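K.L.:
Okay, handing you the structure first.
The values are calculated or read from the model by the stated rules, or taken from the named source; none is laboratory data. Everything numeric in this text was worked out from a predicted model, so none of it was measured. Backbone-built Cβ (ideal geometry, glycine too); neighbour counts: all protein chains shown.
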Ligand code: GLU
């Protein structure tokens, strides 16, 4: 069973706080869900769009690492300076993050030992075109929350990151990068802690109400191993659905 993009690409028209409709892409008994929503505001950024790319997958395939590397290789033409991936592994409370400056080939080399590993349930991957913070391993995506249970990849620019970062740091959130992106990982974490009954999609939605700027993003969390959340505003992101899983990707290459 597969469906066209029109079934899953829900545009929502709200002027202030947007709402989302989680999209259940597979029968509930298969326990894989994905939420994707477009915040259809006019982008507030005056900056030009960074090129870079996202590929994220959640589902039943055993070749998650190959799928992500293949996706990144197809996005290389867009330009980038570094690459990374974050994997949800069965029984692990922390994400496995692998990040490398330079070519996707470097990341491919560093993830070779994970190829074919069973129990990789989901993954997010990214090619970065640095806008905030030098191309370095610590600035590579995915970015994580403090306990590294959450991974977030982002294309775009968070224009109000400096004030959000100051506020989060004052409340004890420890930052490990110089990027604008990292505030979003901590904000989602903050929402999950503040509202313990909240699911990942709702936590992302709440976090994004505080963001000014542009984003295409994908989020995974080890406590929600069957869920992939994608969102976009002013940066591209598309969703593909098959009977073995869901993919969020920057374009259809
Ligand atoms: N602004 C983010 C950063 O500098 C994302 C850049 C991109 O779109 O790759 O990390």
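K.L.:
Sort out which residues of the range 117-143 are more than 10 Å from the ligand (Cβ to nearest atom) and within 12 Å of residue 85 (Cβ to Cβ), and write them in order of number.
P.N.:
Passing the criteria: 120, 122, 123, 124, 125, 142.
K.L.:
Another question about this same structure. Would you check which residues across the range 204-237 are assigned to a strand (DSSP E or B), surrounded by fewer than 22 Cβ atoms within 10 Å (Cβ to Cβ) and either away from the ligand (no atom under 16 Å from the Cβ) or modelled with pLDDT of 95 or more (or both) and list them?
P.N.:
213
K.L.:
To continue, here is another question. Can you find a residue in the range 163-180 that is within 11 Å of the ligand (Cβ to nearest atom), closer than 20 Å to residue 230 by Cα and modelled with pLDDT of 95 or more?
P.N.:
Checked against the condition, which is being within 11 Å of the ligand (Cβ to nearest atom), closer than 20 Å to residue 230 by Cα and modelled with pLDDT of 95 or more, the range 163-180 yields at least one hit.
K.L.:
Here is a follow-up. Cβ-Cβ distance below 9 Å, separation of 6 or more or different chains: which pairs start in the range 120-142 with a residue that is touching a residue at least 12 places away in the same chain (Cβ under 8 Å) and at positive phi and end on one that is near the ligand (Cβ under 9 Å from one of its atoms) and part of a loop (DSSP other than H, G, I, E, B)?
P.N.:
133/139; 133/177; 133/178; 133/179; 133/180; 133/181
K.L.:
Also, I was wondering about something else. Output the residue which, of all residues in the range 79-90 that are closer than 22 Å to residue 235 by Cβ and surrounded by 17 or more Cβ atoms within 10 Å (Cβ to Cβ), is nearest to the ligand (Cβ to nearest atom).
P.N.:
Here the residue is 80.
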